[in-house]
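Remarks on the structure that follows.
The values are calculated or read from the model by the stated rules, or taken from the named source; none is laboratory data. Keep in mind the model is a prediction, meaning the values are calculated, not measured. When we count neighbours, we look across all protein chains shown, and the Cβ atoms used for this are built from the backbone with ideal geometry, even at glycine.
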Amino acid sequence: MYQIQHPAHTLLEELDGFSVEIDEAKERADIILHRPPFNIIAMPQRDQLRLVFEALDANPAVRVIVLRAIGEHFSSGGDIKGFLEASPEHVSRLAWNIAAPARCSKPVVVANRGYCFGVGFEISLACDFRIVSETCRYALPEQKLGQIPGSGGSARLQKMVGITRTKDVVMRSRRVPGKQAYEWGIATECVPDAELEQATDALVEELRAFSPIAQRTAKKLLNDTEDSTLSIAIELEGHCYSRLRSSNDFREGVEAFHGKRKADFKGD
């Protein structure tokens, strides 16, 4: 069994509410929420999830990370009582922990079905690709508690769908069905519930076929330029393109194209 190595490994000796599976043959790691029936994400779990993403990011055997859940619901959200018990310092780290999928240099795919509320929605928004089942319901219900989203939910959602739709979701605690989430541009793909795993597997295999260094570069560039002006984004894109020109993967891609064969990318 794979042993996660990280300076804070003692926090990972007993995972709280989730497990990690690594399939080296498929270059894939799965982070699996498992606290039935609603996969509530507890406070200690948030710290552990961040550390696991960091450890998997450093693992050369992993190309793609999948975040998924056991059961009919991805997650109904956080441990409500835990918010009152947590220290202000701990609460201030919530958004940093949940942003771990976005900081991870590797592609992160999340599979959402059923309830995907609160922090469940927020960590999904931090992933690169959201594959949703038709049963999926996204929501940020914090207004019902006299609160607002605290882990990046309203900020990320507004970037994706604009202020009008974000106010509708946040200020009314409105649930967004999977199909509508796809139409709004939140979800990458919406599939029948029985096809969620198949669609996730297919995307992982598709991503594995690309150059790891090109994918890391594309993810960082897109994340870094999301808030920049067009001229700055174009400038940074040019620098990234220039650096990739000297990579072995780019040479392999060009040679494979001319040789009419499948490229064998190594990630350098």
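For this structure, a couple of remarks:
- Search result, residues across region 227-268 that are assigned to a helix (DSSP H, G or I), surrounded by 12 or more Cβ atoms within 10 Å (Cβ to Cβ) and of a type in the set (Ser, Thr, Tyr): TYR241
For every residue, the table says whether it meets (1) among the basic types (Lys, Arg); (2) modelled with pLDDT of 95 or more; (3) out of contact with any Gly (no Cβ under 9 Å at 6 or more places or on another chain); (4) over 17 Å from ILE31 (Cβ atoms).
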residue: GLY78; (1), (2), (3), (4): no, no, no, no
residue: PHE83; (1), (2), (3), (4): no, no, no, yes
residue: SER105; (1), (2), (3), (4): no, yes, yes, no
residue: VAL108; (1), (2), (3), (4): no, yes, yes, no
residue: ALA111; (1), (2), (3), (4): no, yes, yes, no
residue: TYR115; (1), (2), (3), (4): no, yes, no, yes
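- If you check GLU134, GLU142, GLU122 for being among the acidic types (Asp, Glu) and out of contact with any helix residue (DSSP H, G or I) (no Cβ under 7 Å at 6 or more places or on another chain), only one passes: GLU142.
- PRO107 being buried (at least 22 other Cβ atoms within 10 Å of the Cβ) and more than 13 Å from the chain's Cα centre (by Cα): no
- Residues being touching a residue at least 60 places away in the same chain (Cβ under 8 Å), of a type outside the set (S, T, N, Q) and part of a helix (DSSP H, G or I) - total across region 208-226: 5
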